[in-house]
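Contents: one structure, followed by commentary.
The values are calculated or read from the model by the stated rules, or taken from the named source; none is laboratory data. Quick caveat: nothing in here was measured; it's all calculated off a predicted structure. Using ideal geometry, Cβ is built from the backbone for each residue, glycine included, and neighbour counts are taken over all protein chains shown. Just the protein is used for accessible areas: all its heavy atoms, side chains included, with ligands, DNA and RNA removed. Shrake-Rupley method; radii C 1.70, N 1.55, O 1.52, S 1.80 Å.
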Amino acid sequence: MAIELPENVVISKLDELASWGRKNSLWPMPFATACCGIELMATGASRHDLARFGAEVFRFTPRQCDLMIVAGRVVMKMLPVLQRIWQQMHEPKWCISMGACASTGGVFDTYSVVQGIDRFIPVDMYVPGCPPRPEQLIQAIIDLQDKIQAEGTVSGREFNTSRRQEPKRALLELPVLQNTPPRV
Amino acid sequence: MSLSSPASPTDHADSQSDQQSQEYLWTLNFGPQHPATHTTLRIVLKLDGERVVDALPDIGYLHSGFEKIGEHLDYDQYVTVTDRMNYISPISNNVAWHHAVESLVGIEIPPRCVYLRTIICELARISDHLLCNGAVGLDTGAFTFFLYGFYQREKIYDIFESLCGARFTNSYTRVGGVSHDITPVTIEMIREFCRNFPKTLRDMENLLNRNRIFVDRTRGVGVLTKEEAINRSCTGPIARASGVTVDLRKDQPYLAYNDLDFKVCCATEGDSFARYLVRMAEMWESLRLVEQALENLPSGPVNVGMDDRAHKPDKTMVYSTIEGAISHFELVMSNRGAEVPCEEIYAATEAPNGELGFYLVGDGSNRAYRARCRPPSFIHFAAFPHLIRGHTLSDVVAVLGSLNIIAAELDR
Amino acid sequence: MPVTTAIESIIRRVDGVTTDAYKAQHRMTAPVDSIHEVLAMLHGDYGFDLLVDVTCVDYLNYRDADHRFGLVYVLSNTDNNARLIVRTYVDDPEPTVPSVTDLWKGADWMEREVWDMFGVRFADHADLRRILLPDEFAAHPLRKDYPLQGRGERHNFPVLTRDHE
């Protein structure tokens, strides 16, 4: 027996509803360290407007944000700061690693730059580029929105998968690098 | 690794009579993650209520080892790394680096390249001052001013993108020339920018020059006297706003500045408002320089010829003539480029932030033995505790913005 | 030429000072014992009031090098735009140079950076500690015997995961 629904009634699952709400109001926490920070500011400025996607509020306090955009290289002196800010954010939280330096260390394979923040922080989306164009960052946010919609749950079960915790192969220091004699 | 405040020598100097006032002092950690620090620097402020008693900067949160990389990359590869120093105006870093390399090796660039580099340096100067003043406006609450500035910067990014393909980390210059010659399309874009920019600049001046709130927040704040500016090695708009009339474009002319007519903008008060006004005036002068250089752009080759063995030849020459192919092969594969003398040189240019110099030590190969960058932001930030003593917490933001501290240049 | 007159009179007044030039850049080399005297003379008597840069070069692998570290001071005269580069050389172990923070306050941070990167100590510097690297860092990275990728300091941190720590 079919039920006639009036047109102002929507039926959905609670998970999808929660994900829909969360994905369309991602409040970014800009962790801008270097050049990618300028492209992040340009993405928030008037030509490529990030506010169109719900990311209007660039709060600089981790307590009020749910998306951390790490834009720029992270140096070993800065990494404990990054970890502390990640811990201060409330669940559900996501992380975008913007630019080559945050994803893998970029141009700077030196003694002080961390070769990819995903060695120390769980990252959801990587944006390549040096610096990535604002359109690329917007694409990353759209993809993250799709990911949240596809995997999101009300209780946050998707964050506790044990599969996520296995170190990925890229995170392990490749043995060939350890045997390379230092170039003086 | 803890984030405790760094040990300070002034702690030991407190005497018994100060014990009473010491009870009211409290410590505030400003940064390294803070919207107004313009990326990562940290200041530990000792405050008496709202008044700053002492400020202890703690830097190094973006130290990436630029100078060590300079010893492993060759002269044309390192220009990509110089982009990432003062990332607000990366092209002026490229020009400064290759100016130093060409001074070391002794290459003279053709006139067209000279004028082209002048044009892009001045466009980068406009871009830098727009962001610096925009950030001062943003931090003191003027969001519209910031957005106007950013919109014009997007126009400049479009110009750079049509010139060399990248919005801002351009890596445009090469030893002995540039990577791409300028096209009529780009020239027309620059002309259009020069036509439309004065109106926006006038709007921006009308917004803030006589704005009661902005003037109250910046006038008399962070005063740097002339003697202090010289003693603390300040250069650039900061020194010029304190009355020190040094400008490397006039004192030691490089590129085309000898032939072009422009004024050096100075002020005498030395406070944050004077620094803001000097930067606004410099934007007008830069616009005049761009117009003059564009009118007088000489024709001819933009890169040095193949005989100098410094610059890779044009691709059409490489694919069609045997000399081009041999020259390309020698420069890339066998490293038989121009002979770099085993000498040391210091060469500086007037970057938008101050004097950006490179101390280069050559050792005969195509890599620098030592590539030291003299960073204006590092030296200006050392003057910050002196500037902020006695002011209130809200002035910290105004002074920091007016000094234009770029963390990547600060820490390298 | 104001620079050449300054150089000639300093060569007459202080022993051990030599001079040379490369492409119109005048250079003066002084032994480390008299470097502070030479710089004080340049600052006081000859009007070189702007200290542009203080830096160091490690000549470990350089051909024909007699000493290991070369300190470089770039000076400028704001009145007549004269520039001068003053050099001095020190050796391992315990390279020590007198500090010039009493002449130019801007030398404070520049000398701290040389200490941080090279390990050259500055006598009479009020506050000589690391500036760019963390305080616990154990080496001086711009020395030629330190590898570019470091010795593992950059990855010596705990890993945060989504499972609660």
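Could you give the accessible area per residue of the protein assembly as shown, probe 1.4 Å, as a whole number in Å²?
Counting only protein heavy atoms, the per-residue value for the protein assembly as shown is 40 Å².
Which of the chymotrypsin sites (Phe, Trp or Tyr not before Pro) found in segment C:87-117 are in a DSSP loop and have at most 11 neighbouring Cβ atoms, other than their own, within 10 Å?
none
Report for segment A:20-148 the percent antiparallel among DSSP-assigned beta bridges with both residues inside it, nearest 5.
Within segment A:20-148, antiparallel bridges account for around 5 percent of the total.
Show the residues, 5+ positions off or on another chain, whose built amide H is closer than 5 Å to the amide H of B:R370.
Excluding prolines and chain starts, which carry no amide H, the hits are B:V361.
Can you work out ³J(HN,Hα) from phi for every residue in segment A:82-89, in order, using Karplus 6.51 cos²θ - 1.76 cosθ + 1.60 and θ = phi - 60°, giving whole Hz and x for Gly and Pro?
4, 5, 5, 5, 4, 5, 7, 6
Quick one: work out Rg over Rh on the C-alpha atoms of segment A:20-148, Rh as Kirkwood radius.
That ratio equals 0.94.
Carbon and sulfur atoms: what percent of the 1.4 Å accessible area of chain B do they account for?
Its accessible area is 51 percent carbon and sulfur atoms.
Interface size between chain B and chain C, please: total buried accessible area, 1.4 Å probe, rounded to the nearest 100 Å².
Buried area (both sides, nearest 100 Å²): 4300 Å².
How much of the accessible area of segment C:3-164, probe 1.4 Å, is carbon plus sulfur, in whole percent?
Summing carbon and sulfur atoms, their accessible area is 46 percent of the total for segment C:3-164.
In segment A:66-86, which residues become less accessible by 10 Å² or more once every protein chain is in place, relative to the chain on its own, using a 1.4 Å probe?
Correct list: A:R73, A:V75, A:M76, A:K77, A:M78, A:L79, A:P80, A:V81, A:Q83, A:R84, A:I85, A:W86.
Using a probe of 1.4 angstrom, how much of the accessible area of segment A:20-148 is carbon and sulfur, in percent?
Carbon with sulfur: 52 percent of the solvent-accessible area.
In whole angstrom, how far apart do the alpha carbon centroids of segment B:202-281 and segment C:7-30 sit?
35 Å
Check which residues have an amide H placed less than 5 Å from A:M68's amide H, if you skip close sequence neighbours.
For A:M68, whose amide H was placed from the backbone, the distant partners under 5 Å are A:M29, A:W94, A:C95, A:I96.
For A:R63 and A:Q149, FRET efficiency with R0 = 22 Å and r from the beta-carbon atoms, rounded to 0.05?
The calculated FRET efficiency here is 0.30.
Quick one: what are the phi-derived ³J(HN,Hα) couplings along segment B:271-285, Karplus 6.51/-1.76/1.60 with θ = phi - 60°, whole Hz, x for glycine and proline?
Residue by residue, segment B:271-285 yields 9, 5, 5, 5, 5, 4, 5, 4, 5, 5, 5, 5, 5, 4, 5 Hz.
Going down the table (B:K155/B:K312; B:K312/C:K23; A:K13/A:K147), which pairs top 27 Å between alpha carbons?
B:K155/B:K312
For the protein assembly as shown, what class follows from the C-alpha gyration tensor (a ≥ b ≥ c being the square roots of its eigenvalues): rounded when a/c is under 1.5, otherwise prolate if a/b is larger than b/c, else oblate?
Rounded.
Taking a probe of 1.4 Å and counting only protein heavy atoms, give the total accessible area buried between chains A and C in Å², rounded to the nearest 100.
Answer for the A-C pair: about 2500 Å² buried.
Name the long-range amide H neighbours of C:H26: under 5 Å, sequence gap of 5 or more, or other chain; modelled H, no Pro or chain starts.
Result for C:H26 returns C:I85.
Subtract the Cα-Cα distance of B:F329 and B:R195 from 0.36 nm times their separation in residues, and report this length gain in nm to one decimal.
So the extension gain works out to 43.8 nm.
Is it possible to state the helix-based mean residue ellipticity at 222 nm for chain B, with each DSSP H run of 4+ residues giving -39500 (n - 2.57), the sum divided by total residues, to the nearest 500 deg cm²/dmol? What is it?
-14000 deg cm²/dmol
Dividing the convex hull volume of the alpha carbon atoms of chain B by its residue count, what do you get in Å³ per residue?
Once divided by residue count, the hull of chain B is 148 Å³.
How much FRET efficiency would the formula 1/(1 + (r/R0)^6) give for C:D33 and B:D203, where r is the Cβ-Cβ distance and R0 is 45 Å, rounded to 0.05?
After rounding, the FRET efficiency stands at 0.15.
What's the center-to-center distance, using Cα atoms, between segment B:37-81 and segment C:109-165 in Å?
13 Å
Ignoring everything except DSSP H segments at least 4 long, calculate the 222 nm mean residue ellipticity for chain C; use -39,500 (n - 2.57) per segment, divide by total residues, nearest 500.
About -6500 deg cm²/dmol.
What does the buried accessible surface come to for B and A, summed over both chains, with the probe at 1.4 Å? Round to 100 Å².
3300 Å²
Could you name the lysines in cross-link range of C:K105, using Cα to Cα under 16 Å and dropping any fewer than eight places away on the same chain?
Excluding near neighbours in sequence, the set is B:K226.
Evaluate 2.2 N^0.38 Å with N set to the residue count of segment C:3-164, then give the Cα radius of gyration divided by it.
Cα Rg divided by the expected 2.2 N^0.38 Å: 1.23.
Work out from phi, with θ = phi - 60° and the Karplus expression 6.51 cos²θ - 1.76 cosθ + 1.60, the ³J(HN,Hα) of each residue of segment C:84-94, listed in order in whole Hz, and give x for Gly and Pro.
Once rounded to whole Hz, the list reads 8, 10, 10, 10, 8, 10, 9, 10, 6, x, 6.
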